[in-house]
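Contents: one structure, followed by commentary.
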């Protein structure tokens, strides 16, 4: 196993620990684990590039680790009344739509190069910032308006990223059908 994949695996293992801290109202411990996970998210990618250890497994594991942590965080914080449910629904709906799109592309035997877009990276970063700001609310109390701005900006980028991936998927499907038509006429 490569070092970046090991770091990603540790992040996956830390997700239930993070949730247990949240459930038990241990917000500082949850915050520390979450920040460690966020740092490891950047670290594993950087090490994969520097050590030339990019792998197909890592291309699947890294987003899986991010999504597991973020979806668990959003659901738990929403159920606890610390995040608005509408934002949680947006975050989950975007990820479900992306997953469904990947399944459709796979079933249509279209080659898919898993590479996050810039807007997707910004969205993930904003989702991490949203969770950190909620978890750190007792350490760095912002006014209620600041949280609303964070929630709305995160929602805007989440929607934009989802639309971007939908456009990309539709374009792939269109190009894929054109490729098939040209192959059928040969």
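The values are calculated or read from the model by the stated rules, or taken from the named source; none is laboratory data. All values reported here derive from a predicted model rather than from experimental measurement. FYI the Cβ positions are ideal-geometry reconstructions off the backbone, even for glycines, and counts take in every protein chain you see.
Every condition in (1) closer than 23 Å to residue 49 by Cβ; (2) in a helix (DSSP H, G or I) is met by residue 150 except one, and the failing one is (1).
If only residues of region 66-83 that are assigned to a helix (DSSP H, G or I) and either in contact with a strand residue (DSSP E or B) (Cβ under 7 Å, 6 or more places away or on another chain) or without any contact (Cβ under 8 Å) to a residue 12 or more places away in the chain (or both) are counted, the one that is nearest to residue 144 (Cα to Cα) is 78. Against the conditions (1) surrounded by fewer than 20 Cβ atoms within 10 Å (Cβ to Cβ); (2) modelled with pLDDT of 95 or more; (3) touching a helix residue (DSSP H, G or I) at 6+ places or on another chain (Cβ under 7 Å); (4) under 28 Å from residue 168 (Cβ atoms), residue 110 satisfies every one except (2).
Pairs linking a residue in region 37-65 that is closer than 20 Å to residue 16 by Cα to a residue that is modelled with pLDDT under 85 and in a loop (DSSP other than H, G, I, E, B), with Cβ atoms under 8 Å and 6 or more positions apart or on different chains, are 60/114; 63/114; 63/116. Within region 103-141, being over 29 Å from residue 83 (Cβ atoms), assigned to a helix (DSSP H, G or I) and without any contact (Cβ under 8 Å) to a residue 40 or more places away in the chain holds for 106, 107. Which condition from (1) under 21 Å from residue 83 (Cβ atoms); (2) surrounded by 18 or more Cβ atoms within 10 Å (Cβ to Cβ) is the one that residue 32 breaks? Looking at each condition in turn, residue 32 falls short on (2).
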